1. Can you find, within segment 107-133, the residue that is surrounded by the fewest Cβ atoms within 10 Å (Cβ to Cβ) among those that are farther than 16 Å from L237 by Cα and of a type in the set (D, E, K, R)?
2. Could you grab me the full set of residues in segment 142-161 that are open to solvent by less than 60 Å² (accessible area, probe 1.4 Å) and either closer than 22 Å to A113 by Cα or touching a Cys at 6+ places or on another chain (Cβ under 7 Å) (or both)?
3. Checking Y233 against (1) over 28 Å from S52 (Cβ atoms); (2) out of contact with any Pro (no Cβ under 6 Å at 6 or more places or on another chain); (3) of a type outside the set (A, V, I, L, M): exactly one of these is not met. Which one?
4. Can you tell me which condition K341 does not meet? The list is (1) surrounded by fewer than 17 Cβ atoms within 10 Å (Cβ to Cβ); (2) under 29 Å from L214 (Cα atoms), and all the others hold.
5. Out of A109, A195, A147, I need the residue that is in contact (Cβ under 8 Å) with a residue 60 or more places away in the chain and part of a helix (DSSP H, G or I). Which one?
6. In this structure, is S402 modelled with pLDDT of 95 or more, open to solvent by 10 Å² or more (accessible area, probe 1.4 Å) and hydroxyl-bearing (S, T, Y)?
7. Can you tell me which condition R67 does not meet? The list is (1) among the charged types (D, E, K, R); (2) within 30 Å of I378 (Cα to Cα); (3) surrounded by 15 or more Cβ atoms within 10 Å (Cβ to Cβ), and all the others hold.
8. Looking at (1) over 23 Å from the mean Cα position of the chain (by Cα); (2) surrounded by fewer than 18 Cβ atoms within 10 Å (Cβ to Cβ); (3) part of a helix (DSSP H, G or I), which is the one condition that is false for R86?
Amino acid sequence: MRIPTAERLLADRMRSFSGSQTSGMRNRARKLQAEGVHVVNFAAGELDQDTSSEIKLAVHRAVHSGRTQYTDTLGIKELRELIAARMTQKTGCNYTFEEVGFTAGAKQALFNANFVLFEPGDEVIVPSPYWVTLPEQVRLAGATPVAFSTIHTGFQIEPAELEKTITANTRGIILNTPHNPTGVVYSADIVQRLADIILRHDLVCLFDECYDELVYAPAVHHNIVRLVPELKYRTVLIGSLSKTYCMAGWRAGFFAAPQPVVKAIASLQSHIGSNPSNLVQYAALTALEPVNDAFVEGNRRQLAEQRATALKLLQQIPDMPCVVPEGAFYLFPDVSALFKKTFRGNQIGTSERLAELLLEHAHIAVVPGSAFGAENFIRISYAIPPEEIIAGLERLAQFVRSLT
């Protein structure tokens, strides 16, 4: 029997497509942990915290009351109305339930938006460093991601420089604030100027604000539609319950968009996954109620303390400068000074090799900067218990001291 090669089996689009490196490092860490190795998992993109009891009870109530049927493709009306009310409050613009939708995680909302907005021949600007999935989803839509580096400006976008990258083929821009992987929060001035560019060049905007509730004073998150209401008609706002409500594994995301975009997404999603999980929708209904406000505030306080601990320890390690994050729960230190050093006679060379060595020899899982379009960096999540932060960064310091 002749077994076909991968080239004959797979579509051309998969030849340059790879899986998420954040998921890959997370899975490798878990595999070692299952083998009995104590790995400090700095690769996780989720809070090390259980979902609130109120949200869990909502699922029990839904199960026992027989809420197990299909729902509308973009979610039950009560949930969409609640999301619309929250988006109205956040932006100052009126949103109806027909202008929002619920999805199986923000990742699905982003994919749906990319797929219905962009096509072959389109260019989409993606500021880098970027979350690993953003350029890949643009490619899956058939469009071309155009990376715009912010490394030389402390990860803040310089609007005048970005405008120079716009061509006749530029169709849109994807913005993410608070930012993954850097933790940077874009200022009101930057968001305002980016909005002006979007209007001036007739672009569309995907505005990913999945970490909007996880910002540390005095920093403030700025929603682009609130700053420039006219942008409501050319912007898809993306939100998530994964981080704020400790629901990463539940797969609970949502979006707000112009009604034609919502209708197109509903058509697309109806052929991909029908509706998101019925039970998760009822969990989300409770999550978005005021009863969980104290739970969110507690998470934010705890993360602020963990950020302070992680920064203090990281700043004691030589050759690893780091921009102080204002939101989310990541450190993104520059490790390029380590690349010329050697470990047991072999030069480190790259962020990917450094991540492999840290996992194998220091039992620390980090994500290499190459995954985010920023080779000279690594991403460290501090959304883990304080004792793990301390143990992990002490191991990192010891590893760095061992280099020659």
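The values are calculated or read from the model by the stated rules, or taken from the named source; none is laboratory data. Just so you know, these numbers come straight off a predicted model, no measurement behind them. Because the Cβ atoms are built from the backbone with ideal geometry, glycine has one as well, and the counts that use them run over all protein chains shown. These accessible areas exclude ligands, DNA and RNA; they are computed on the full protein's heavy atoms, side chains included. Shrake-Rupley method; radii C 1.70, N 1.55, O 1.52, S 1.80 Å.
1. E119
2. G142, A143, P145, V146, F148 - these are the residues of segment 142-161 that are open to solvent by less than 60 Å² (accessible area, probe 1.4 Å) and either closer than 22 Å to A113 by Cα or touching a Cys at 6+ places or on another chain (Cβ under 7 Å) (or both).
3. Against the list (1) over 28 Å from S52 (Cβ atoms); (2) out of contact with any Pro (no Cβ under 6 Å at 6 or more places or on another chain); (3) of a type outside the set (A, V, I, L, M), Y233 comes up short only on (2).
4. The single condition K341 does not satisfy is (2).
5. Exactly one residue qualifies, and that residue is A109.
6. No: the conditions fail for S402.
7. (2)
8. Of (1) over 23 Å from the mean Cα position of the chain (by Cα); (2) surrounded by fewer than 18 Cβ atoms within 10 Å (Cβ to Cβ); (3) part of a helix (DSSP H, G or I), only one is false for R86: (1).
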